[in-house]
Amino acid sequence: MRIGLSPLIDARLLTQVLEPYKAAHSGVEIFYKKCFLGDLEERLDREQTDIILRALLPDEKPSRALSRRLFYEEDLFYMPKQASAQVIAEGGSVLLKSVARETFVLSYDGCGLAIATRRLFEDAGFKIREYTGHTLSYQVMQEWADIGIGATILPRSKITSEYRDKAQRLMIDAKNPARLRYEAFWKKSAAYPDHVAAFHRHFRDTVPKLVAGQSVQSPRH
């Protein structure tokens, strides 16, 4: 069973939701391939992977040749730069408009996070101020924020334990958190073997129930 996944995918959550499938298909060996977005799509098209897991980008319209299912949704968190002015926050959250004038360290476009972050600001009526350098590592994004290079925005699962007390849930407004949506995709027309078809059914029917029982909200969990 070959799974292509974006670097943004929460590997711990993925491992948890795969346990029932693995228990029912003990003879199936599962292989992970972590790729950037373009490579994921190409591997799926060439049938080099059986399913791909990635963030759904703003205004994206996936191909009708693909089956798709929601995997999970995840809140985005704001981490201020060390030397920034005091952030107005209540209850561990911060409004987008309160931090819109900050300079932000973004990731490389390949995983989709930078694209989603830019669109988040655009939809709120702001033009994001980007630090001229980029990094391929979510860990480095946090380190650069911590030393004062710029603020950053990350999904909950990518915030490491040493920085969790510095992260605040990013709110579009008082009621709506900024979020990423992750989906599973596979080809409708491919002649998949039985164990792969069973895996697709697992993602379609069982995974939503399993995710509903998990906490994917707070970096402190």
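Just so it is clear, none of the values below were taken in a lab; they were calculated from the coordinates. All figures in this text were calculated on a predicted structure; none of them were measured in a lab. Neighbour counts run over all protein chains shown; Cβ positions are idealised from the backbone, glycine included.
For Ala197 and Lys22 in the same chain, what is the full-extension length gain: residue separation times 0.36 nm, less their Cα-Cα distance, in nm?
Computed gain between Ala197 and Lys22 is 61.6 nm.
From the Cα gyration tensor of segment 1-57, with a ≥ b ≥ c the square roots of its eigenvalues, which class applies: rounded if a/c is under 1.5, or else prolate if a/b is larger than b/c, or else oblate?
Numbers: a/c = 2.79, a/b = 1.45, b/c = 1.93.
Note, shape of segment 1-57 comes out oblate.
Quick one: net charge around Lys127, please, counting Lys, Arg +1 and Asp, Glu -1 for every other residue with C-beta under 12 Å from its C-beta. Could you put the intermediate results ahead of the total?
Numbers: positive: Arg101, Arg118, Arg119, Arg129; negative: Glu122, Asp123, Glu130.
After counting each charged neighbour, the total is +1.
Okay, helix-only estimate at 222 nm for the chain: each DSSP H run of n ≥ 4 adds -39500 (n - 2.57), divide by all residues, round to 500 deg cm²/dmol; what do you get?
Rounded to the nearest 500, it is -7500 deg cm²/dmol.
Among rounded, prolate and oblate, which fits segment 74-171 when a ≥ b ≥ c are the square roots of the eigenvalues of its C-alpha gyration tensor, a/c under 1.5 means rounded, and a/b larger than b/c means prolate?
Values: a/c = 1.25, a/b = 1.04, b/c = 1.21.
In terms of gyration-tensor shape, rounded.
Would any residue of segment 12-42 have its amide N under 18 Å from a label point 7 Å out along Cα→Cβ of Leu210? List them or say none.
Those under the cut-off are 12-33.
Given R₀ = 30 Å, what would the calculated FRET efficiency be for Thr132 paired with Glu162, taking r from the Cβ atoms and rounding to 0.05?
E(calc), rounded to 0.05, equals 0.70.
Can you compute the modelled spin-label distance between Ile147 and Asp59, with each label point 7 Å from Cα toward Cβ, in nm?
If labels sit at Ile147 and Asp59, their model points lie 3.7 nm apart.
Under the 0.36 nm per residue contour assumption, what length would be gained going from the current alpha-carbon distance of Lys34 and Ile172 to full extension?
46.7 nm
Read phi for every residue in segment 168-184 and hand back ³J(HN,Hα) as whole Hz from Karplus 6.51 cos²θ - 1.76 cosθ + 1.60, θ = phi - 60°, with x for Gly and Pro.
Result, ordered by residue: 10, 4, 8, 10, 5, 8, 4, 10, 10, x, 6, 9, 10, 10, 10, 10, 9 Hz.
Antiparallel as a % of all DSSP beta bridges within the chain, to the nearest 5?
Around 60 percent antiparallel, to the nearest 5.
Ordered by residue, what ³J(HN,Hα) values in Hz, to whole numbers, does segment 100-116 give under the Karplus form 6.51 cos²θ - 1.76 cosθ + 1.60, where θ = phi - 60° and Gly and Pro are x?
5, 8, 5, 9, 10, 7, 10, 8, 5, 4, x, 8, x, 5, 5, 4, 5
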